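Note sheet for the following structure.
The values are calculated or read from the model by the stated rules, or taken from the named source; none is laboratory data. Since the model is a prediction, treat every value here as computed from it, not as a measurement. Cβ sites come from the backbone with ideal geometry, for glycine too, and all protein chains shown count toward neighbours. Note: areas computed on protein heavy atoms with side chains; ligands, DNA, RNA excluded. Shrake-Rupley method; radii C 1.70, N 1.55, O 1.52, S 1.80 Å.
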Amino acid sequence: MQQYVLKLLIFAILNLLVQLYIIIMLTQNKSISEIQSQECLEIYSKLKIYMDQIFVQIIDDKNSNQIQLKSLCQQLQIMRNIINNLNTCRFSSKRELYYQNLYIFENQEQVNKIIQQISYQLQVRRKQLKIVSASKGLVCGALQIETSEMILDLCSLAFQGKGMNITEFMDECIMNITGKTILVVEKETVYFRILQEQNIQLLKQIVLITGKGYPCVATKCFIKLLQTMHPQIPICYLGDHDPHGFQIYLYYKYGNEVSKYEYNNIPQMTLIKLEKPQRDLPINSIRLRCSCKCP
């Protein structure tokens, strides 16, 4: 059985390598240079090098077991999906990749882990691989989002007690902050409690964001985009003053080893300290603290 899986792996690698060599040669010969961007070409080259390493690993490691071979096969399958997405200039969600490959993945977590591993090995952002994930972050308040077709004022959403979903495509828009502070809150419940108070003066002064706990990539990238466009605007974090809340704050600021190639850390973020958990804090106290100037 192991020999059979090994043959399939070698065949898959050779097949993918041939595809990549053809793409790279055609691009270098300028026959499809108008279609493929320089960024895609660099990712193709990195994918080829990474697959060469997998190929050498399979050939040199005589003691590979079936679990290791299956893991390598999973990596190759995701790389095949990445190549297809780069060729067609389309995006796939992580969930979509899981359902496309049910025969080789047992759960969504395996797909997520492989994508993180490939992103880390190639040292590129996940979005550059044409892979996105469902966002869970929300934003509203003193922010205008400008596209080629419209301008959306998020103050109106705040007054309605709502929020806009943060996606990984927000970097294609122009962000105009009309307030004085970007306030990131740990919990969704606190986010909506602030909105339910309908403090008009406060909502006109802050861009209110929540990542609903640990933030997704899209939420961190969005905050980083705001910080890059408006470096003079302070970014404050409001979370529980306990180990879990502090961990989330540190993840916003510094990320981790796996996420470092997303380039979305926010070291300028300032912590607003609370003496007790947010769920026990009167809403007036939150309003008072949010109105204070952040360092």
Problem - region 146-161 residues that are assigned to a helix (DSSP H, G or I), paired with ones that are open to solvent by 60 Å² or more (accessible area, probe 1.4 Å) (beta carbon under 8 Å, 6 or more apart) - result: CYS155/THR178; CYS155/LYS204; PHE159/GLN198; PHE159/ILE200
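Just to be sure I understand, how many residues within region 83-100 are within 19 Å of ALA218 (Cα to Cα), in a helix (DSSP H, G or I) and open to solvent by less than 40 Å² (accessible area, probe 1.4 Å)? Full working, then the answer.
Taking region 83-100 and keeping what is within 19 Å of ALA218 (Cα to Cα), we get 90-97.
Of the ones still in play, those that are also in a helix (DSSP H, G or I) are 94-97.
Filter again for open to solvent by less than 40 Å² (accessible area, probe 1.4 Å), leaving 97.
Matching residues across region 83-100 total 1.
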Fill in the blank from the handout: Filtering region 120-171 down to residues that are of a type in the set (D, E, K, R) and either within 12 Å of the chain's Cα centre (by Cα) or under 30 Å from GLN75 (Cα atoms) (or both) yields ARG125, ARG126, LYS127, LYS130, LYS136, GLU168, ASP171
Exercise for the section: Scan region 133-157 for residues that are open to solvent by less than 20 Å² (accessible area, probe 1.4 Å) and among the hydrophobic types (A, V, I, L, M, F, W, C) and jot them down. Expected result: LEU138, VAL139, CYS140, ALA142, LEU143, ILE145, LEU154, CYS155
Exercise for the section: Would you be able to say whether some residue in region 214-228 is over 27 Å from GLU172 (Cα atoms) and either surrounded by fewer than 15 Cβ atoms within 10 Å (Cβ to Cβ) or at pLDDT below 85 (or both)? Expected result: no
Exercise for the section: Check ARG95, ARG90, ARG126 and return the single one that is basic (Lys, Arg) and within 21 Å of TYR50 (Cα to Cα). Expected result: ARG126
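Filter region 254-274 for residues that are touching a strand residue (DSSP E or B) at 6+ places or on another chain (Cβ under 8 Å) and crowded, with 18+ Cβ neighbours inside 10 Å; which is modelled with the highest pLDDT? Can you show your working first?
Going through region 254-274, the residues touching a strand residue (DSSP E or B) at 6+ places or on another chain (Cβ under 8 Å) turn out to be 266, 268-272, 274.
Applying the additional criterion that residues be crowded, with 18+ Cβ neighbours inside 10 Å yields 266, 269, 271-272, 274.
Values: ILE266: 89, MET269: 93, LEU271: 90, ILE272: 86, LEU274: 60.
If we take residues in region 254-274 being touching a strand residue (DSSP E or B) at 6+ places or on another chain (Cβ under 8 Å) and crowded, with 18+ Cβ neighbours inside 10 Å, then MET269 is modelled with the highest pLDDT.
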Exercise for the section: Could you grab me the full set of residues in region 203-213 that are in contact with a helix residue (DSSP H, G or I) (Cβ under 6 Å, 6 or more places away or on another chain) and buried (at least 21 other Cβ atoms within 10 Å of the Cβ)? Expected result: LEU203, THR210, GLY211
Exercise for the section: Could you check, for region 184-191, whether at least one of its residues is free of Cβ contacts under 8 Å to residues at least 60 places away in the same chain and assigned to a helix (DSSP H, G or I)? Expected result: yes
Exercise for the section: Look at THR178 and say whether it is under 17 Å from ILE145 (Cβ atoms), open to solvent by 60 Å² or more (accessible area, probe 1.4 Å) and more than 20 Å from the chain's Cα centre (by Cα). Expected result: yes
